[in-house]
């Protein structure tokens, strides 16, 4: 009998866990023919998330959990889940129930038909502000046009992955992670399932605009060198324009005796060029910082406790 692992990264999700468990229990009791494992990864939660997980695990032996020593971030928590998942396939699921567990049987059906990566594409993004939706679409557009492989738009972490995909992802041990890009990078046979995303059942999202900006930078820098190429091209364009402008002023002075004027224009040009230089240095710094972090070879996460009685 095949085994299915449902991987749930958790950070301060105490208000959602009982609702999530009720739906997962109903699902596991209803869908026969599989052995089930629910693997919670507590990513250094500051509320009583861990205590609730312990209580659920004491009542249902299908539940296992990994407790990280501190908050390492969702991307690293998912890698910990990949390392400890024992199923023939793994379903990644958020604890807030925005991604409905009722979609899992459809994913299993596609998996049984031979697909390795069954991903859920959002028809809508749930209760999000207009600005957040537009920025998300802009990010996916930029990433899609700057990478050499397809980046799936409006697709999150909610998906079913075959054991072959999980074993491949476990080999990607970089500390600066953008897992959504990795899902696309590894390839394998993919299948799309469309769904309407729900609102959070309880609690508040831990993702603010600053966190999303950091994730966007991580995604772009991790999977493309386009920003470096853009800085180079911008530098060439500005240098060429400056040379042409210099020739114009030179010939005007020689032929017509015009004095070089325009102090405000000169200051504006200097400030513009200084801003472009700082931008280029900043882009270069993002890549150098990631090289620095990777050369230290530190563990991606640290486990404090692993409990599984299956």
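Values in this text are rule-based calculations from the coordinates and carry no lab data. What you see is a predicted model, and the numbers here were worked out from it, not measured in a lab. No Cβ is skipped: glycine too gets one built from the backbone with ideal geometry, and neighbour counts run over all protein chains shown.
Listing 89, 10, 184 from the residue with the fewest other Cβ atoms within 10 Å to the one with the most, what is the order? Walk me through the numbers before you get to the answer.
Numbers: 89 25, 10 28, 184 18.
Ascending number of Cβ neighbours within 10 Å: 184, 89, 10.
Under a crude label model (7 Å from the Cα following the beta-carbon direction), how far is residue 1 from residue 106 in nanometres?
Simple spin-label model gives 2.6 nm for this pair.
How do 307, 300 line up, fewest other C-beta atoms within 10 Å first?
Placing the least packed residue first, the sequence is 307, 300.
How far apart, in nm, are the 7 Å Cα→Cβ label points at residue 48 and residue 228?
5.1
On full extension of the chain, what length is gained from residue 35 through residue 164, given 0.36 nm per residue of separation minus the C-alpha to C-alpha distance? Let's see the in-between values first.
Working: separation 129, 0.36 × 129 = 46.44 nm, distance 1.84 nm.
Extra length available between residue 35 and residue 164 comes to 44.6 nm.
What FRET efficiency comes out for residue 194 versus residue 251 if R0 is 45 angstrom and r is the Cβ-Cβ distance? Round to the nearest 0.05. Present the calculation step by step, with values, prior to reporting the outcome.
Working: r = 62 Å, r/R0 = 1.39.
So the FRET efficiency works out to roughly 0.10.
Taking R0 as 25 Å, what's the FRET efficiency between residue 18 and residue 307 from their Cβ-Cβ distance, rounded to 0.05?
Efficiency, from the Cβ-Cβ distance: 0.85.
Order of 276, 8 from fewest to most other C-beta atoms within 10 Å? List each step's numbers first, then the result.
Numbers: 276 15, 8 26.
Sorted ascending by nearby Cβ count, the order is 276, 8.
Quote to one decimal, in nm, the extra length available between residue 237 and residue 55 on full extension: 0.36 nm per residue of separation minus the C-alpha distance between them.
Result: 59.3 nm gained on full extension.
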